[in-house]
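Inspection log for the structure reproduced underneath, given as structure tokens.
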Amino acid sequence: MPDKDVHTIEDLIYYQYAKIIARSAFDMPNSREAKKQHCGFIKKTFRELKSGIKSWSEITREDWQFVI
């Protein structure tokens with residue numbers, strides 16, 4: 001279930017992206033575990049994405065493999 005601050009589809013996308021960031025940053029097996037253990041980080045990242053402080057990655061790790 002998304003956070004209570006999620007009201008729009010755009011918010012939901014930001015929230016899911018914040019969970020993906022947490023999962024990757026903390027090497028978690030899945031987003032559910034990331035949410036349980038790093039809820040504060042996810043909320044902070046969600047707010048930063050929503051406000052524009054943080055922005056989307058422009059290139060993914062997989063894309064870098066083709067560049068190098």
Local electrostatic count, Ile21, Cβ distance below 11 Å [Lys/Arg +1, Asp/Glu -1]: +3
task: Please order Phe41, Phe26, Phe66, Phe46 by the number of other Cβ within 10 Å, starting at the fewest.
output: Phe66, Phe26, Phe41, Phe46
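Explain nothing, just the number: dipole magnitude of the chain about its Cα centre with +1 on each Lys and Arg Cβ and -1 on each Asp and Glu Cβ, in debye rounded to the nearest 20.
The calculation lands at about 360 debye.
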- prompt: At q = 0.19 Å⁻¹, what log₁₀ I(q)/I(0) does a Debye calculation on the Cα points of the chain give, no solvent, two decimals?
  reply: -0.75
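Values in this text are rule-based calculations from the coordinates and carry no lab data. Keep in mind it's a predicted model, so treat the numbers as computed, not measured. Reconstructed Cβ throughout: ideal geometry from the backbone, glycine too, with neighbour counts over all protein chains shown.
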